Amino acid sequence: MSKATYIEHNGTIRTIEVDDGLSLMEAAVANMIPGIDGDCGGAAACATCHVHVAEEWMDKLPAMEALEQSMLDMAADSDHCSRLACQIKMSTKLDGIIVRTPVGQH
Amino acid sequence: MSTGTVVIVGGGQAAAQTAVSLRQEGYAGSIVLISDEAVPPYQRPPLSKAYLAGQLAPERLFLRPLAFYEQQKIELRLDRRVTRIDVINHQVELGDGECLGFDHLVLATGGRPRALVCPGAEHPRLHYLRNVKDVAAIQSRLKPGAHVALVGGGYIGLEIAAVTRKLELEVTVLEAAPSLLARVTCPQVAGFYQREHEAHGVNIRCGVMVTGIDGDETHPALLTGDHQRIEADFIVAGIGLLPNVELAMTAGIICDNGIVVDEECRTSVPRIYAVGDCTQHPNSVYQTRVRLESVPNAIEQGKTTAAAICGKSKPYRAVPWFWSDQYDIKLQTAGLNRGYDEVVIRGTPESRSFAAYYLQAGRLLAVDAINRPAEFTVAKSWIAEGLRIPAARLADESITVKNLAAAA
Ligand SMILES: Cc1cc2nc3c(=O)[nH]c(=O)nc-3n(C[C@H](O)[C@H](O)[C@H](O)COP(=O)(O)OP(=O)(O)OC[C@H]3O[C@@H](n4cnc5c(N)ncnc54)[C@H](O)[C@@H]3O)c2cc1C
Ligand code: FES
């Protein structure tokens with residue numbers, strides 16, 4: 001179990017416990033975190049799980065695959081901290097991670 | 001509108017989304033979801049992909065963990081079937097005679113695989129793929145070296161071909177149409193998939209009708225219109241879906257290749273809605289009526305219905321989209337290509353990264369993006385906006401996707 005914090009565009013903060021191995025998308029969906037729908041179930045096909053990872057956590061994440069990068073290139077509100085939450089698998093290394101959900105996903 | 005009871009018939013993506021969205025919309029009444037499957041609502045796409053390959057644990061298929069439904073006070077009645085709707089007294093009847101009253105009813109009954117109709121179609125080794133039970137049956141036959149004959153060269157059939165090849169089975173695909181994916185895509189994309197599958201060792205035969213199944217209990221043989229006999233260890237047929245409309249029809253709800261609904265998922269009977277694969281609905285982008293089989297459609301209709309029940313209007317007006325994963329090829333398709341008169345290919349199939357744009361009198365109808373997620377995302381918004389981009393410009397790869405969008 002590790003902790004993950006989701007910050008909504010309006011400032012609402014939710015911290016939840018996530019089983020290692022689950023993705024940040026799966027954890028958000030199971031806890032009804034607004035702004036993360038996960039429509040494609042983690043196939044990196046829909047971008048409804050787009051999040052902005054807090055700057056200080058960026059270098060702890062494994063590098064993006066080309067498909068994820070390409071999916072984000074054109075996603076609304078995308079920036080250098082953008083990731084697909086379905087591609088981030090939780091682990092103790094990521095205990096405490098903070099992500100923000102984009103305005104457009106609410 | 002926050003008290004009362006919503007009864008949801010069905011336990012798939014559309015049913016689950018409706019229940020979840022009702023709570024997100026602030027619905028405070030009771031929600032009862034009745035499914036004839038024994039497990040909580042789950043995703044079907046992995047059934048022909050990672051889950052079939054044994055790479056995904058069953059719980060990971062579930063759309064939400066069981067505890068979620070408890071927390072949200074969504075009552076799941078699993079392994080129960082609704083057998084009748086009483087539209088006068090607003091209640092549904094379950095198989096065992098129990099009756100349940102509703103203020104609003106949502107039909108999310110999905111569909112069932114179209115069955116092969118031919119002599120021998122009751123063969124115990126003829127399988128279909130729609131639910132977790134089907135997967136379990138198929139998985140018991142996935143032995144390296146075994147020969148699987150797949151009837152139907154649509155997305156599901158081809159995804160099964162990709163998985164079974166990876167598991168080292170011998171794979172034959174039989175398609176009645178002259179090419180694979182004939183109903184859904186253009187010859188360029190169909191040809192690409194044919195070459196990819198053949199390169200992976202799949203034996204593909206198009207233009208072949210299955211006329212019968214012969215052979216003994218453990219060795220079915222497909223008989224074809226061109227007088228061949230194809231022996232296999234098992235068969236999986238993926239030849240389309242029939243919407244589950246009987247429950248609605250018997251209740252006098254208007255159906256026409258699906259339960260007929262409006263932009264807010266209302267059926268012809270007040271207080272009764274329908275969502276997902278079972279609906280025939282208007283599509284504002286194309287000014288036509290369609291029945292779609294896709295997760296995004298189920299999700300959007302679920303959201304629309306929940307809003308409508310809560311007295312808010314969120315009409316369903318989205319560009320349809322879909323994806324398919326085969327080997328390392330990701331296809332994302334947006335829009336409906338029906339009626340296209342021109343195809344523009346951007347990129348080259350040989351590079352395994354290209355997009356096929358479908359135009360009708362210059363208007364962009366649809367796109368098939370192969371290993372090109374960025375283009376898919378942009379093109380989807382172009383389709384929604386009804387953009388026109390000159391064919392020569394679309395095909396010109398020296399213009400970046402971003403600039404195509406900017407200048408269009
Ligand atoms: C193998 C496979 C792969 C797919 N891949 C993709 C993909 O990659 N991308 C994509 O977008 N879509 C894909 N789809 C399609 C997608 O899964 C469906 O569009 C979606 O599941 C439809 O959801 P639904 O809730 O409308 O219907 P269903 O999922 O069919 O759910 C209907 C449910 O209602 C139950 N039911 C029916 N009648 C009754 C009754 N009288 N009483 C109680 N319960 C009842 C059924 O048992 C079922 O549980 C795939 C489908 C399959 C089968
Ligand atoms: S859930 Fe669809 S891209 Fe992450």
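The values are calculated or read from the model by the stated rules, or taken from the named source; none is laboratory data. Because the structure is predicted, anything quoted here is derived from the model rather than measured. Note: ideal-geometry Cβ built from the backbone for every residue, glycine included; neighbour counts use all protein chains shown. Surface areas here come from the heavy atoms of the whole protein model, side chains and all, with no ligands, DNA or RNA. Shrake-Rupley method; radii C 1.70, N 1.55, O 1.52, S 1.80 Å.
Pairs from the list A:Lys93/B:Lys73; A:Lys3/B:Lys380; A:Lys60/B:Lys312; B:Lys49/B:Lys303 with a Cα-Cα gap above 31 Å: A:Lys93/B:Lys73; A:Lys3/B:Lys380; A:Lys60/B:Lys312.
Of the solvent-accessible surface of segment B:1-139, computed with a 1.4 Å probe and all protein chains present, 50% belongs to carbon and sulfur.
From the Cα gyration tensor of the protein assembly as shown, with a ≥ b ≥ c the square roots of its eigenvalues, which class applies: rounded if a/c is under 1.5, or else prolate if a/b is larger than b/c, or else oblate? Taking the square roots of the gyration eigenvalues as a ≥ b ≥ c, the protein assembly as shown is rounded.
For the pair A:Lys3 and A:His80, a Förster radius of 30 Å applied to the C-beta separation gives a FRET efficiency near 0.80, rounded to the nearest 0.05.
Only protein heavy atoms count here; on that basis, with a 1.4 Å probe, B:Arg64 has an accessible area of about 30 Å². If R0 equals 30 Å, the separation of the Cβ atoms of A:Ala54 and B:Ala57 corresponds to a calculated FRET efficiency of about 0.50. Label sites at B:Ala176 and B:Asp396, each approximated as a point 7 angstrom past Cα along Cα to Cβ, lie 4.5 nm apart.
For segment A:1-46, heavy-atom accessible area (probe 1.4 Å) falls by no less than 50 Å² from the chain alone to the full protein assembly at A:Val29, A:Ala30, A:Met32, A:Asp39, A:Ala45.
Computed from backbone phi with θ = phi - 60° and the Karplus coefficients 6.51, -1.76 and 1.60, the 3J(HN,Hα) list for segment B:334-344 is 10, x, 10, 8, 2, x, 5, 10, 8, 10, 10 Hz; x is used for glycine and proline.
By accessible area, using a 1.4 Å probe on protein heavy atoms only, segment B:328-407 has 52% of its surface on carbon and sulfur.
Counting only other chain Cβ atoms within 10 Å of each residue's Cβ, the peptide A:72-78 averages 4. Over segment B:1-143, all Cα pairs binned in 5 Å intervals from 0 give whole-percent P(r) values of 2, 9, 17, 18, 17, 14, 10, 7, 4, 2, 0, listed from short to long.
Shape class of chain B from the alpha-carbon gyration tensor: oblate, with a/c at 1.5 or above and b/c at least as large as a/b. Probing with 1.4 Å while keeping every protein chain in the model, the per residue accessible area of chain B equals 41 Å². For the chain pair B and A, buried accessible area totals roughly 1900 Å², probe 1.4 Å, rounded to the nearest 100. Amide H contacts of A:His50 (H built 1.01 Å from N, in plane; Pro and chain starts excluded): A:Ala85 sit under 5 Å, all sequence-distant by 5 or more or on other chains. To put it simply, the accessible area of segment A:2-96 at a 1.4 Å probe is 50 percent carbon and sulfur. With helices as the sole contributors, chain B gives -7000 deg cm²/dmol at 222 nm; each DSSP H run of n ≥ 4 counts as -39500 (n - 2.57), and the sum is divided by every residue.
For segment A:2-96, the square roots a ≥ b ≥ c of the C-alpha gyration tensor eigenvalues yield an a/c under 1.5, which makes the shape rounded. Spin-label model, B:Arg183/B:Arg112: points 7 Å from Cα along the beta carbon direction are separated by 1.8 nm. Volume of the convex hull of segment B:115-237 (Cα atoms only), normalised per residue: 97 Å³. Ligands, DNA and RNA are left out, and with a 1.4 angstrom probe the accessible area of segment A:2-96 is 42 Å² per residue.
Cβ-Cβ distance of B:Gln71 and B:Arg205, R₀ of 60 Å, FRET efficiency by 1/(1 + (r/R0)^6): the value works out to about 0.70. Spatial offset of segment A:1-76 relative to segment B:2-58 amounts to 22 Å, using the alpha carbon center of each.
The distance linking segment B:248-266 with segment B:84-148 is 20 Å (Cα centroid to Cα centroid, whole angstrom). Residues of segment B:325-358 that lose at least 50 Å² of accessible area (1.4 Å probe, protein heavy atoms only) when the other protein chains are present, relative to their chain alone, are B:Lys330.
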